[in-house]
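Written out below as structure tokens is the structure these notes cover.
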Amino acid sequence: MQNLKLFALLFFIGSLSSAQPVRPTDYPQKFRTFVPLGDPSVPAMKSTDVTASDGARWTATREGLYRRHPKSAVRDRVQFFGGRRYLPDGPITGLAPDRSGGVFVATASGVSHIEFRPMTLEEKASAFEERVRLRHLRHGFTADSDLREPGNLATSYTISTDNDGLWTAMYVGAELFRFAASHSKEALANARQGLEALLFLEQITGRPGFPARSYIDATEQRPSDGTWHPTADGKLQWKGDTSSDEIVGHMFAFALGWDHLPASDPLRPRIAATCRRIMDHIIANGYNLIDVTGKPTTWGQWSQAYFDTPGGNPDSPLNAVELLSFLRTTHHITGDEKYAREYDKVAVDLNYAERTARYTELCHEINYSDEELAMLSFYPLFIYEHDPKYQALYSKAADQWWKNIKRELNPLWTAIYALGRPELELTEDYAGAVWTLRRFPMDLITWNIDNSHRSDLPSDKSPERFNEHQTAKLIPPDERPVMKWNSNPFRLKGGNGGRSEDDGATYLLAYWLARYHRLPMTP
């Protein structure tokens, strides 16, 4: 945005009081290698409490391993290493420092070498790019990857999920921002592949404007959940009961595709036509997404009638943001004034614009998935909406979501919020966002993580949506379970025994969006 305040030279990380300027230099990333017992490369284990070559003290406990370094930035002074992400099974029997600040950790079942490798944020992004291309592509989607043998990436295979469209859209967004920022031909090709997959989701159903959640071919096992339908030729099956998650994702990706693909790219008119069909379907059906059953899907409802129900009322501030974002995006892409008129009708006559700013009044439960849908919907509104009266309402609405999001130090939500609130001083928030990018784990295998024993993580007694134990203190990304941005970063336990791997597109979207918009979060 034209008025965005940029901090071009310096930004900050760690404790604000220490005010240490961050330079676009390397940051030590954690890597773990399992080594067999008796391997000659393993030094003699001295004790369970050692000092490394960089001055850090490593101390073993029953639950894991602590690293303490008083000269580190405040957020990094005490770090915990637990579970198979870092350690072999069983209690620690010995430690030995290496020559570069790392440590060897012995248990009854083996030895783990934990080491630190300096990487820039862009080098880290490149590693995640490689991961997506190696193990997370299915029919052009950015797909979940399961592991036939827990922890063994050589046994990975992709699967269909409820939100193939949304996760693909986030990767497409990352690649489009990467292309816009770096002119990478590889990024453009990757984005185009993902966009083709998203466009096909709307075609496969045979219902103009109604995208599928996912699809499989005859070689793939159909997931046990959801509602599936065969295509007319019987060669494919597609998943119905499409949710607002998919429409938010598709519209987000279509907006970025329209803005950042080359003007002559043949995908642009296809994006415009598909966007128009989806919006026409929603408008014609009273602001609902209508399934093959002839009824609204479970979560594809943006109507006033839905808002008047007990279940729809708390959803209404979010769903109002979504519908207004869809309409503004469709008008931006197609240039058709009928969508501008519909937008004004929904915003003013139906009072949806004011409803967006009733989140704290109507919603009394923190849903991290809803935060994701809200921020991805706010982005087009912040970029395309120039009317001061609407801008003021959307800023007020975003402020209400920010009250909880602020404490998450989420780099993607921080970047989007900054675009909508350029007049605010967000130095400390940028610091937290940089820290999260730097501490985002390199190992994205879904190992079991249990932080419930930790005395440094005070219990949060407030209700958690799924009644899981959570802490009142943010857990560093490389110490908590692997999760996308739609999960609770205060959750103490998680994982599935290392039976899957995340793709890392959440990191990529946050990094490249901030890089493209020249926010003080990336070099």
- Task: At least 3 residues that are open to solvent by less than 50 Å² (accessible area, probe 1.4 Å) in each: list the helices (runs of 4 or more DSSP H) lying fully within the range 323-422 that qualify.
- Result: 337-344, 352-355, 368-384, 388-405, 411-420
- Can you tell me which residues in the range 460-481 are surrounded by 15 or more Cβ atoms within 10 Å (Cβ to Cβ) and aliphatic (A, V, I, L, M)? LEU474, ILE475
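Every residue, every condition in (1) closer than 26 Å to ARG499 by Cα; (2) of a type outside the set (Ser, Thr, Tyr), yes or no:
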residue: PRO43; (1), (2): no, yes
residue: ASP54; (1), (2): no, yes
residue: ARG67; (1), (2): no, yes
residue: ARG75; (1), (2): no, yes
residue: ILE92; (1), (2): yes, yes
residue: SER100; (1), (2): no, no
- Report yes if LEU457 is on the phi > 0 side of the Ramachandran plot, surrounded by 19 or more Cβ atoms within 10 Å (Cβ to Cβ) and in contact with a Leu (Cβ under 9 Å, 6 or more places away or on another chain), otherwise no. no
- Is the range 50-65 home to any residue that is in a loop (DSSP other than H, G, I, E, B), touching a Phe, Trp or Tyr at 6+ places or on another chain (Cβ under 8 Å) and open to solvent by 40 Å² or more (accessible area, probe 1.4 Å)? no
- Query: When you look at LYS484, is it open to solvent by 10 Å² or more (accessible area, probe 1.4 Å), under 26 Å from MET119 (Cα atoms) and assigned to a loop (DSSP other than H, G, I, E, B), yes or no?
  - Reply: yes
- Message: Restricting to the range 241-283, name every residue that is within 25 Å of the chain's Cα centre (by Cα), open to solvent by 10 Å² or more (accessible area, probe 1.4 Å) and under 19 Å from ALA340 (Cα atoms).
- Response: TRP258, ASP259
- Item | Boolean, ASP429 is outside any helix (DSSP H, G or I), touching a Phe, Trp or Tyr at 6+ places or on another chain (Cβ under 9 Å) and open to solvent by 10 Å² or more (accessible area, probe 1.4 Å) | no
- Item | Residue list for the range 401-418, restricted to those being in contact with a helix residue (DSSP H, G or I) (Cβ under 7 Å, 6 or more places away or on another chain) and closer than 17 Å to PRO477 by Cα | ILE405, LYS406, LEU409, ASN410, PRO411, LEU412, TRP413, THR414
- With the condition kept exactly as written, say whether any residue in the range 287-305 is more than 28 Å from TRP228 (Cβ to Cβ) and either open to solvent by 40 Å² or more (accessible area, probe 1.4 Å) or in contact with a Ser or Thr (Cβ under 7 Å, 6 or more places away or on another chain) (or both). yes
- Task: For the range 97-107, indicate whether the set of residues that are without any contact (Cβ under 8 Å) to a residue 40 or more places away in the chain, in contact with a Pro (Cβ under 7 Å, 6 or more places away or on another chain) and not charged (D, E, K, R) is non-empty.
- Result: yes
- Message: List pairs: first residue in the range 167-183 and at pLDDT 95 or above, second residue surrounded by fewer than 24 Cβ atoms within 10 Å (Cβ to Cβ) and among the β-branched types (Val, Ile, Thr) anywhere in the structure, Cβ distance under 9 angstrom, at least six positions apart or on different chains.
- Response: TRP167/THR161; TYR171/VAL132
- Query: Looking at the range 185-206, is at least one residue surrounded by fewer than 19 Cβ atoms within 10 Å (Cβ to Cβ) and either in contact with an Asp or Glu (Cβ under 6 Å, 6 or more places away or on another chain) or of a type in the set (Gly, Ala, Ser) (or both)?
  - Reply: yes
- Restricting to strands (runs of 3 or more DSSP E) lying wholly in the range 73-168: which have 2 or more residues that are among the β-branched types (Val, Ile, Thr)? 92-97, 103-107, 110-119, 156-159
- For the range 385-410, pairs from a residue that is closer than 15 Å to SER325 by Cβ and modelled with pLDDT of 95 or more to a residue that is in a helix (DSSP H, G or I) and open to solvent by 40 Å² or more (accessible area, probe 1.4 Å), with Cβ under 8 Å and 6 or more apart or across chains, are GLU385/GLN391; LEU393/GLU354
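The values are calculated or read from the model by the stated rules, or taken from the named source; none is laboratory data. Just so you know, these numbers come straight off a predicted model, no measurement behind them. For neighbour counting, all protein chains shown are included, and Cβ atoms are generated from backbone atoms with ideal geometry for every residue, glycine included. Surface accessibility is based on the protein's heavy atoms, side chains included, excluding ligands, DNA and RNA. Shrake-Rupley method; radii C 1.70, N 1.55, O 1.52, S 1.80 Å.
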